[in-house]
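A.B. asks: Here you go, one structure.
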Amino acid sequence: MEEETTTFRAFDEIDRPSPDLVKDCVHCGFCLSACPTYLETGNELDSPRGRIYLMKSALEGKIPMGGSLVKHLDMCLGCIACEPACPSGVQYSRLIESARSQIERRYERPFSEKLHRSLIFSIFPYSRRLRLLLPLLYFYQASGFKHLIHKSGIVRKLSKTLSKMDDMLPTIRSSALFPSMPNVVPAKGKKRNRVALLTGCVQSVLFPETNEATVRVLSENGCEVVVPRNQGCCGALSLHSGRLSEARDFARANINIFERFDHDAIIVNSAGCGSAMKEYRELLKEDESYAERADRLSNKTKDVMEFLDEIGLQGELKEVKCRVTYQDACHIAQAQRIKSQPRNIIRKIPGVEFIELPESELCCGSAGIYNMVEPEMSGRLLDRKIRNLKETDADLLVAGNPGCLLQIQMGIKQNGLNVKTAHPIELLDWAYRAVRTGSDS
């Protein structure tokens, strides 16, 4: 008598991981040494190879939705460090995004976890909602109330997650309460290009100085800069968390906004945003109304350091005396394969002593919403990053992503280090304006 085997239906047909892409993995193991979570745990299922094995098992009906499948896919940072390391060219990013979309739609998370994730996605992708919180956050910091709360330890006792979010909060400047980004900024001197700027959700609210520096530097380099009004979230947080339907809605809305303008390039100064917009062609390839338009937008999207390296710097750079190190944001270095360009730019600044950060390509643990939903592993990776930062004896760490800067700033504060952080475009802006490093002027 034949023994009956149970067949599970972990995945349905909507955005399921492609069996053909799964087959591309030949289990060689080159990805293991590149994967931050595997390096921390040593668990095969916390590696890309192990996660692909879980996806394959789910596709074949061998394992149910939940348990080990959810645990180990949730543990993935989505840093994509495995892709450059893979000799077979496995498109892991497409697999993990599809697998996570199955979890998002088909797995019933505990109520508290579901509520926490809902809160994140109801606030962070919406700059207007974030901006409404700014006056409260400014008062919280400026009044000394934050100091009292921290001293009492009440936040940590109430919620470790809330405490971590509080620790990550950057200093809110009064100028951030009254943003003033013009619609069009003319090029200085002869116009070389006309570009559009994605201002970003978190970037525009918590790091407005980065957008201001971006506009000034682009103008200095002969670019007329258009800042489209009513632009929304690019969809990066949703895409990388498996909320694919939501990501497509954000993508369509942004295409509608940006294609109204005549421009040579769309400039992005946030790693995840640039990576997501370059993925629009894949995200909307089945949408007859948007496929070609998405392809055009993806082709025009450029990281700001990538773009400046391509067109070449012009204008006089003044001396900035500073010992600088650079963190490779995952979705710049791994997803967009942009590694030499930021370094080329930094090295051209007079007075800068550039020091390579050990394991600069290793994720800092920010990874979109990861540090808010997987705080333990995120903390372990941050500790590793700070240990490496200490070796550089740097005055300034630069990174091309707001999430990385928030995460690393938190680690610097927790360890009492005298290291400032900034976007590399801000460092370049200081050189053009002869501004003292990290000054508010």
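The values are calculated or read from the model by the stated rules, or taken from the named source; none is laboratory data. Only a predicted model underlies this, so the values are computations on that prediction, with no experimental measurement involved. All Cβ positions, glycine included, derive from the backbone under ideal geometry; neighbour counts span all protein chains shown. Side chains included, ligands, DNA and RNA excluded: accessible areas come from the protein's heavy atoms. Shrake-Rupley method; radii C 1.70, N 1.55, O 1.52, S 1.80 Å.
A.B. asks: Any residue at all in the stretch 151-166 that's open to solvent by less than 70 Å² (accessible area, probe 1.4 Å), in contact (Cβ under 8 Å) with a residue 24 or more places away in the chain and closer than 25 Å to Pro424 by Cα? It would help to see each step written out before you state the result.
C.D. replies: First pass over the stretch 151-166, keeping only residues open to solvent by less than 70 Å² (accessible area, probe 1.4 Å): 152-153, 155, 159, 161, 163-166.
Among the residues that remain, those that are also in contact (Cβ under 8 Å) with a residue 24 or more places away in the chain are: 161, 164-165.
From what's left, closer than 25 Å to Pro424 by Cα: 165.
Scanning the stretch 151-166 turns up at least one residue that is open to solvent by less than 70 Å² (accessible area, probe 1.4 Å), in contact (Cβ under 8 Å) with a residue 24 or more places away in the chain and closer than 25 Å to Pro424 by Cα.
A.B. asks: What number goes with the only condition from (1) at pLDDT below 85; (2) open to solvent by less than 20 Å² (accessible area, probe 1.4 Å); (3) of a type in the set (A, V, I, L, M); (4) part of a helix (DSSP H, G or I) that Ile172 does not pass?
C.D. replies: Among (1) at pLDDT below 85; (2) open to solvent by less than 20 Å² (accessible area, probe 1.4 Å); (3) of a type in the set (A, V, I, L, M); (4) part of a helix (DSSP H, G or I), the lone unmet condition for Ile172 is (4).
A.B. asks: From the residues in the stretch 200-239 that are β-branched (Val, Ile, Thr) and at pLDDT below 95, which one is farthest from the chain's Cα centre (by Cα)?
C.D. replies: Taking the candidates together, the pick is Val205.
A.B. asks: For the stretch 404-425, give me the residue count where each residue is open to solvent by 20 Å² or more (accessible area, probe 1.4 Å), under 21 Å from Ser204 (Cβ atoms) and part of a helix (DSSP H, G or I).
C.D. replies: Keep residues of the stretch 404-425 that are open to solvent by 20 Å² or more (accessible area, probe 1.4 Å), which gives 406, 409, 413-421.
From what's left, under 21 Å from Ser204 (Cβ atoms): 406, 409, 421.
If we keep only those that are part of a helix (DSSP H, G or I) too, we end up with 406, 409.
Of the residues in that region, 2 qualify.
A.B. asks: What number of residues in the stretch 313-366 are under 27 Å from Thr301 (Cβ atoms), of a type in the set (Asp, Glu) and more than 12 Å from the chain's Cα centre (by Cα)?
C.D. replies: The qualifying residues number 1.
A.B. asks: On to the next question. Among (1) in contact (Cβ under 8 Å) with a residue 40 or more places away in the chain; (2) within 23 Å of the chain's Cα centre (by Cα), there is one condition Phe261 misses while meeting the rest; what is its number?
C.D. replies: It fails just one condition, (2).
A.B. asks: Could you tell me how many of the residues in the stretch 355-369 are at negative phi and either open to solvent by 30 Å² or more (accessible area, probe 1.4 Å) or of a type in the set (D, E, K, R) (or both)?
C.D. replies: The first filter runs over the stretch 355-369 and keeps only residues at negative phi, leaving 355-358, 360-364, 366, 369.
Filter again for either open to solvent by 30 Å² or more (accessible area, probe 1.4 Å) or of a type in the set (D, E, K, R) (or both), leaving 355-356, 358, 361.
The total comes to 4.
A.B. asks: Quick check on the stretch 304-319. Is at least one of its residues touching a strand residue (DSSP E or B) at 6+ places or on another chain (Cβ under 6 Å) and either open to solvent by 30 Å² or more (accessible area, probe 1.4 Å) or of a type in the set (Ser, Thr, Tyr) (or both)?
C.D. replies: Within the stretch 304-319, none of the residues are touching a strand residue (DSSP E or B) at 6+ places or on another chain (Cβ under 6 Å) and either open to solvent by 30 Å² or more (accessible area, probe 1.4 Å) or of a type in the set (Ser, Thr, Tyr) (or both).
Residue-wise test of (1) under 23 Å from Ala367 (Cα atoms); (2) in a strand (DSSP E or B).
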| position | (1), (2) |
| --- | --- |
| Ser118 | yes, no |
| Ser122 | yes, no |
| Leu136 | no, no |
| Gln141 | no, no |
| Lys164 | yes, no |
| Ala196 | no, yes |
| Ser204 | yes, no |
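A.B. asks: Mind checking which residues of the stretch 81-102 are out of contact with any Asp or Glu (no Cβ under 6 Å at 6 or more places or on another chain), under 20 Å from Ala276 (Cα atoms) and in a helix (DSSP H, G or I)? Talk me through it step by step, then tell me what you get.
C.D. replies: Narrowing the stretch 81-102 to residues out of contact with any Asp or Glu (no Cβ under 6 Å at 6 or more places or on another chain): 81-87, 89, 91, 93-97, 99-100, 102.
This time we only want the ones that are under 20 Å from Ala276 (Cα atoms), so: 81-84, 89, 91, 93-97, 99-100, 102.
Across the stretch 81-102, the qualifying residues are Cys82, Glu83, Pro84, Ser93, Arg94, Leu95, Ile96, Glu97, Ala99, Arg100, Gln102.
A.B. asks: Out of all the residues in the stretch 252-266, which are modelled with pLDDT of 95 or more, in contact with a strand residue (DSSP E or B) (Cβ under 8 Å, 6 or more places away or on another chain) and either among the charged types (D, E, K, R) or open to solvent by 20 Å² or more (accessible area, probe 1.4 Å) (or both)?
C.D. replies: Result: Asp264, single match.
A.B. asks: Something else: Conditions: (1) in contact with a His (Cβ under 9 Å, 6 or more places away or on another chain); (2) of a type in the set (S, T, N, Q); (3) open to solvent by 10 Å² or more (accessible area, probe 1.4 Å). Asn269 meets all but one. Number of the miss?
C.D. replies: With respect to (1) in contact with a His (Cβ under 9 Å, 6 or more places away or on another chain); (2) of a type in the set (S, T, N, Q); (3) open to solvent by 10 Å² or more (accessible area, probe 1.4 Å), Asn269 is out only on (3).
A.B. asks: Take the conditions within 23 Å of Pro84 (Cβ to Cβ) and open to solvent by 10 Å² or more (accessible area, probe 1.4 Å) and apply them to Gln334. Does it pass?
C.D. replies: Numbers: within 23 Å of Pro84 (Cβ to Cβ): yes; open to solvent by 10 Å² or more (accessible area, probe 1.4 Å): yes.
When the stated conditions are applied, Gln334 passes them.
A.B. asks: Would you check if Arg129 is closer than 30 Å to Thr301 by Cα and touching a strand residue (DSSP E or B) at 6+ places or on another chain (Cβ under 7 Å)? Quick ask: steps written out before the conclusion?
C.D. replies: Details: closer than 30 Å to Thr301 by Cα: yes; touching a strand residue (DSSP E or B) at 6+ places or on another chain (Cβ under 7 Å): no.
Spelling it out, it is not the case that Arg129 is closer than 30 Å to Thr301 by Cα and touching a strand residue (DSSP E or B) at 6+ places or on another chain (Cβ under 7 Å).
The rows are residues; the columns are (1) of a type in the set (A, V, I, L, M); (2) in contact with a Lys or Arg (Cβ under 6 Å, 6 or more places away or on another chain); (3) within 16 Å of Pro186 (Cβ to Cβ).
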residue: Pro208; (1), (2), (3): no, no, no
residue: Ala213; (1), (2), (3): yes, no, no
residue: Val217; (1), (2), (3): yes, no, yes
residue: Gly222; (1), (2), (3): no, yes, yes
residue: Val227; (1), (2), (3): yes, no, yes
residue: Asn230; (1), (2), (3): no, no, no
residue: Cys233; (1), (2), (3): no, no, no
residue: Ser238; (1), (2), (3): no, no, no
residue: Ser245; (1), (2), (3): no, no, no
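A.B. asks: Across the stretch 114-125, which residue is surrounded by the fewest Cβ atoms within 10 Å (Cβ to Cβ) among those that are in contact (Cβ under 8 Å) with a residue 12 or more places away in the chain and under 18 Å from Lys164 (Cα atoms)? Lay out the reasoning, then the answer.
C.D. replies: Kept after step one, since they are in contact (Cβ under 8 Å) with a residue 12 or more places away in the chain, are these residues of the stretch 114-125: 116-117, 120-121, 124-125.
Still in the list and also under 18 Å from Lys164 (Cα atoms): 116-117, 120-121, 124.
Details: His116: 17, Arg117: 17, Ile120: 17, Phe121: 15, Phe124: 19.
The residue in question is Phe121.
A.B. asks: Now, a different point. Going through Lys278, Lys300 one at a time, which residue ends up being open to solvent by less than 50 Å² (accessible area, probe 1.4 Å), closer than 26 Å to Cys201 by Cα and under 24 Å from the mean Cα position of the chain (by Cα)? Talk me through it step by step, then tell me what you get.
C.D. replies: Values: Lys300 fails: open to solvent by less than 50 Å² (accessible area, probe 1.4 Å).
Criteria check complete, one pass: Lys278.
A.B. asks: Please determine whether any residue of the stretch 429-440 is open to solvent by less than 10 Å² (accessible area, probe 1.4 Å), in a helix (DSSP H, G or I) and under 17 Å from Thr214 (Cβ atoms).
C.D. replies: For the stretch 429-440, residues open to solvent by less than 10 Å² (accessible area, probe 1.4 Å), in a helix (DSSP H, G or I) and under 17 Å from Thr214 (Cβ atoms): present.
A.B. asks: Only one of (1) over 27 Å from Arg384 (Cα atoms); (2) in contact (Cβ under 8 Å) with a residue 12 or more places away in the chain; (3) within 24 Å of the chain's Cα centre (by Cα) is not met by Asn256, so which one is it?
C.D. replies: The number of the failed condition is (2).
A.B. asks: On to the next question. All but one of (1) at pLDDT below 80; (2) small (Gly, Ala, Ser); (3) surrounded by 12 or more Cβ atoms within 10 Å (Cβ to Cβ) hold for Ala142; state the number of the condition that does not hold.
C.D. replies: Of (1) at pLDDT below 80; (2) small (Gly, Ala, Ser); (3) surrounded by 12 or more Cβ atoms within 10 Å (Cβ to Cβ), only one is false for Ala142: (1).
A.B. asks: Among the residues of the stretch 375-403 satisfying the criterion of being surrounded by fewer than 19 Cβ atoms within 10 Å (Cβ to Cβ) and in a loop (DSSP other than H, G, I, E, B), which is farthest from the chain's Cα centre (by Cα)?
C.D. replies: Filtering first and then ranking leaves Asp393.
A.B. asks: Has the stretch 356-370 got any residue that is outside any loop (DSSP other than H, G, I, E, B), touching a residue at least 12 places away in the same chain (Cβ under 8 Å) and of a type in the set (Val, Ile, Thr)? Please lay out each step first, then the result.
C.D. replies: Taking the stretch 356-370 first, the residues outside any loop (DSSP other than H, G, I, E, B) are 356, 370.
Retained after the next criterion (residues that are touching a residue at least 12 places away in the same chain (Cβ under 8 Å)): 356, 370.
Now narrow it down to the ones that are of a type in the set (Val, Ile, Thr): none.
No.
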